Amino acid sequence: MLVQPVRRFLAGLRTRDYTRGNLVTSLVALALPMVAGSVAVGVVFQVVDLAFLSRLGEGPLAAVIMVNQTVWQIVTMMLMGLNFATQSLIARSVGGGQTEAAEHFGGQSLVMAALLAGVIGLVGLTVPAELFGLVRPDPAIAPLGVSYLRLLALLGFGLCGSMMFRAVLVGAGDTVTPLLANLVQVAVALFMEWVLIFGNLGAPALGVRGVAIAISLGQWSALAVGLAVLFRGRARVRLRARHLRPDPAALWTLVQSAWPPAVQMLGIVATTFAFLRLSGEFGQSVQTAYSIGLRLGMIIPAFSFPLATACATLVGQALGAGDTRRAWRAIGTGVLVHGSVMWTFAGLVFFFRVELLGLITSDAEVIAIGSDYLVYAAGSFVLLGFNLVAIRALQGAGDFIVPMLISMGSTFAVGIPSAYLLAQHFGPSGIWAGSLLSSIFATVATGARLATGRWVTKGLELMGAHRAQA
């Protein structure tokens, strides 16, 4: 009896007009399915995945986390740049009533994903040892990290394609389909991890290689769901074969919009690389504590990032419709809702940091070091309550260059230098303090850019250019 009401409710979310109506309701309608999907991937998957990895021992655990947080993060952040660009282009096109343009950009984003997957696979096949060696891992875990990285790269189209179809749908205002795909992805990945890591159901026990294969199978499953919906016309945008024919002009537009956020996100990876290397100078316990702290920190964006992404869609569609006042109001609403969530999480991380670390490791030294790190991380989460919404709003408007410059400044002019200097005097705590200083700089600079209002002009100019091309 509940099936039909649920279907009607989900259909209403898919077809809602986000250029009008109550902003809190619109934000929640967009964000809730993404939060549910992120909880599935960012919380349920991460917790169970960590539990599986911990059964393999600290070496395999550290190898997988180090790959995920460094080398593979470079790949993910590059794809996120394309994801942000695709979402922004499609949101503004849908808001402006240009459905065909939205569908064309959606198809071209998949073409770009295929090209990137080919490059990623080639690099992962030829130089995985050199890439993993950049973080100076313990020699005992290096072979594990290399084999894990090689398989992720060779099977990388699942990640590339699934990220792009999500961007297409979220930009159009459909966050329900990505939720369904996420649920499929998590179910497939965790089941296959259980099978392939430990050799259940007669399969070989592949250890960390089984983790890579299982994760990739989950991503390919999500991609299959997304493509079926897009090509069967069950979403707000529908892809056809003609949208997959490479269009140099559209691909160049995507590249122009994608490279600044990709570089911006790579600043985050550079910080992680630098901090892992710095922490490694203080011994394996410090590096392990930092790695575990990073993995726990990945749970927070499962709730925060969907809210900020929903705000980006609202801003983009409002500017596409020419409603600048609604774009401003969308940012204010996003900060209030997102901030309350992030500040709550910051308190939980601060007050229950020892208990959280105890879920992952029983090593008292690692827990003590990780607890110190999470104190500073909680401070960064407080700032992120405003900063993430502001950054995504700017990107939703098509303002990509300035956020990139802010990210580079916070990373290379503030974060890494201050962490290095402070570590000489305060040990690992100096590294964590450098990270917090970087967050403070980024928050102040992003707020200043937002206050100028130049992003509004940028968004309107881009819409005019796209209409002229059409």
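Where a number appears in this text, it was derived from the coordinates with a stated rule and is not lab data. Just so it is clear, the model here is predicted, and its values are computed rather than measured. Cβ: placed from backbone, ideal geometry, glycine included. Neighbour counts: every protein chain shown.
Assign one of three labels to the stretch 358-442, namely rounded, prolate or oblate, based on the Cα gyration tensor with a ≥ b ≥ c the square roots of its eigenvalues; rounded applies when a/c is under 1.5, prolate when it is not and a/b is larger than b/c, and oblate otherwise.
Since a/c reaches 1.5 but b/c is at least a/b, the shape of the stretch 358-442 is classed as oblate.
Which label marks the calculated value of mean projected area of the Cα convex hull in nm², given the options [x] 23.0; [y] 29.0; [z] 21.5?
Given [x] 23.0; [y] 29.0; [z] 21.5, the calculated one carries the label [z].
Efficiency by 1/(1 + (r/R0)^6): what FRET value for Ala413 and Arg240, r their Cβ-Cβ distance, R0 = 60 Å, to the nearest 0.05?
Efficiency at R0 = 60 Å is approximately 0.80.
Each residue of the stretch 412-423 in order: what ³J(HN,Hα) in whole Hz does its phi give by Karplus 6.51 cos²θ - 1.76 cosθ + 1.60, θ = phi - 60°, with x for Gly and Pro?
Values per residue, Gly and Pro as x: 8, 9, 10, x, 5, x, 5, 4, 5, 5, 5, 5 Hz.
Tell me whether the stretch 240-288 comes out rounded, prolate or oblate; compute the Cα gyration tensor, take square roots of the eigenvalues as a ≥ b ≥ c, and use a/c under 1.5 as the rounded threshold.
The shape class here is prolate.
Please determine, in degrees from 0 to 90 and to the nearest 10, the orientation of helix 248-280 with respect to the longest principal axis defined by the Cα atoms of the chain, where the helix direction is its Cα long axis.
20
Measuring from centroid to centroid over Cα atoms, what is the spacing of the stretch 293-336 and the stretch 237-282 in Å?
First find each Cα centre; the distance between them is then 19 Å.
Fully extended, how many nm does the chain gain between Phe282 and Ala368 (0.36 nm per residue separation, minus their Cα-Cα distance)?
Computed gain between Phe282 and Ala368 is 29.5 nm.
So for each of 302-309, 239-246 I average, over its residues, the number of other beta carbons within 10 Å; can you give me the resulting order with the highest mean first?
302-309, 239-246
Taking other Cβ within 10 Å of each residue's Cβ, how do Tyr290, Tyr376 sort, fewest first?
Tyr376, Tyr290
May I ask you to derive the FRET efficiency for Leu201 and Ser54 from their Cβ-Cβ distance with R0 = 22 Å, giving the value to the nearest 0.05?
About 0.55, to the nearest 0.05.
What distance in nm separates the simple spin-label points at Val47 and Ala448, each placed 7 Å from Cα in the Cβ direction?
It works out to 4.2 nm between the two label points.
Calculate the FRET efficiency for Val127 and Asn22 from the Cβ-Cβ distance with a Förster distance of 60 Å, rounded to the nearest 0.05.
0.70
Classify the stretch 23-159: rounded, prolate or oblate, from the alpha-carbon gyration tensor (a ≥ b ≥ c, eigenvalue square roots; a/c under 1.5 rounded; otherwise prolate if a/b is larger than b/c)?
Verdict is oblate for the stretch 23-159.
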